[in-house]
1. Within region 2-30, work out how many residues are part of a strand (DSSP E or B), out of contact with any Leu (no Cβ under 8 Å at 6 or more places or on another chain) and over 30 Å from Ile198 (Cβ atoms).
2. Taking the condition of being at pLDDT 95 or above, part of a loop (DSSP other than H, G, I, E, B) and surrounded by 14 or more Cβ atoms within 10 Å (Cβ to Cβ), how many residues in region 66-90 meet it?
3. Could you tell me whether Glu249 is farther than 22 Å from Val309 by Cβ and without any contact (Cβ under 8 Å) to a residue 24 or more places away in the chain?
4. Could you please let me know if Glu203 is surrounded by fewer than 23 Cβ atoms within 10 Å (Cβ to Cβ) and among the charged types (D, E, K, R)?
5. Tell me yes or no: at least one residue of region 42-55 is part of a strand (DSSP E or B), among the aliphatic types (A, V, I, L, M) and not assigned by TED's automatic domain parsing to the domain that holds Asn138.
6. So, in region 100-135, exactly how many residues are modelled with pLDDT under 95 and of a type in the set (Lys, Arg)?
7. Answer yes or no: is there a residue in region 288-298 that is acidic (Asp, Glu) and farther than 27 Å from Ile133 by Cα.
8. Does region 177-197 hold any residues that are in contact (Cβ under 8 Å) with a residue 60 or more places away in the chain, in a strand (DSSP E or B) and either not assigned by TED's automatic domain parsing to the domain that holds Gly213 or not polar (S, T, N, Q) (or both), and which are they?
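The values are calculated or read from the model by the stated rules, or taken from the named source; none is laboratory data. As the structure is a computational prediction, the values presented were derived from the model and not from experiment. With ideal geometry, Cβ positions are generated from the backbone for all residues, glycine too; neighbour counts draw on all protein chains shown.
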Amino acid sequence: MSGKMKALRHRTAGGNRFYIDSGSVLWGFGSNDYGQLGNGQRDELGVFYSEPIRIASDVVSVDMSMNGYFCIYLTSDGKLYGMGADIDHILGEDSDPEGSPEVMIGQETFPAVTSPVLIEENVAYARTGGKCIVYLKNDGSVWWQGRYEDISYSGIVVEQREEGLQTEESWRMRAVSPQKLLDNCIYVTTGGENGAAISVNGELYTWGWNIMGQCGTPVSDDAFVREPVKVLDNVQMVWSGRMCFNSPEQEIPEIWHYNTLYCFTVFARLKDGTFMAAGEGAGDKEIRNLIGGGDLSSEVIYRYSDTFVPIQIE
């Protein structure tokens, strides 16, 4: 795995922490209500493993969904494995044997994969979103599976969904089998609701939720950029939502703080060292959003940029 791949050695999310030790062994501890610890069982809410569980050897990178639904890891021979909630079959076609336990996320039920299963081979790098995975294969192709969802909770959106005025297709970008997005790439990542990839020529491509122009392309009637779009040249690195690789949290916190999480922003660094951003807070365009409903409704104005603009990092 090249230096540009930024191998993840430890990840903390939801109620779990996973880490790779100096001997390339993957360990995990914390909650196991989705089977995400890979110990062959799914535990009820409230069960907490304080002692690390040995999961696999020869591991070079690990990642976990933002809400702790599932974990994926990559071994030195390019095999991608996963365990936990099998949202939209992201953990592989053969991961749901008859009689396997199930978990509920929101109003949907998914199989709980309680032991690591092989997702794909010949993988160079892989990342998780909130409910999806994206991976780069050794041949430079980019693959995505799972879903991005419109997570805005304005009164208008909620009312439209309840009244059936918004179809599932209009507020969700979804793939129930691996979808090839790009070729000739050297890096890939995803946040909760946005994905991005860098080509061999340094071109930045983005896709996913675009309600505040965070993909670096104009906001439209469709809340999603459903096919990758080129938005920048001469790009060295890209982040979606949070500018970090390994989790800054060294333990599972009792209270999570989100002061470094930007759900509506994509960041990039150019080869000349310039930092760029698109989305919330990056420009002067405005979007008005209705918060709450009924007598408690209030209007909030968000400022954004739908193109990448230079920023400074504190």
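1. To start, the set of residues in region 2-30 that are part of a strand (DSSP E or B) comprises 10-13, 16-20, 26-30.
Of the ones still in play, those that are also out of contact with any Leu (no Cβ under 8 Å at 6 or more places or on another chain) are 10-13, 17, 26-27.
Checking which are over 30 Å from Ile198 (Cβ atoms) leaves us with 27.
Qualifying residue count, region 2-30: 1.
2. Residues flagged as at pLDDT 95 or above, part of a loop (DSSP other than H, G, I, E, B) and surrounded by 14 or more Cβ atoms within 10 Å (Cβ to Cβ) within region 66-90 amount to 5.
3. Details: farther than 22 Å from Val309 by Cβ: yes; without any contact (Cβ under 8 Å) to a residue 24 or more places away in the chain: no.
So Glu249 does not fit the description; no.
4. Numbers: surrounded by fewer than 23 Cβ atoms within 10 Å (Cβ to Cβ): yes; among the charged types (D, E, K, R): yes.
Against the criterion (surrounded by fewer than 23 Cβ atoms within 10 Å (Cβ to Cβ) and among the charged types (D, E, K, R)), Glu203 qualifies.
5. First pass over region 42-55, keeping only residues part of a strand (DSSP E or B): 48-55.
Restricting the remaining residues to those that are among the aliphatic types (A, V, I, L, M) gives 53, 55.
Checking the rest, the ones that are also not assigned by TED's automatic domain parsing to the domain that holds Asn138 come to 53, 55.
Yes, region 42-55 contains at least one residue that is part of a strand (DSSP E or B), among the aliphatic types (A, V, I, L, M) and not assigned by TED's automatic domain parsing to the domain that holds Asn138.
6. 0
7. At the first step, the residues of region 288-298 found to be acidic (Asp, Glu) are 295.
Add one more test, that the residue is farther than 27 Å from Ile133 by Cα, and what stays is 295.
Yes: one or more hits.
8. Narrowing region 177-197 to residues in contact (Cβ under 8 Å) with a residue 60 or more places away in the chain: 177, 186-197.
Subset that is in a strand (DSSP E or B): 177, 186-190, 194-197.
Listed by number, the residues that qualify are Ile186, Tyr187, Val188, Gly195, Ala196, Ala197.
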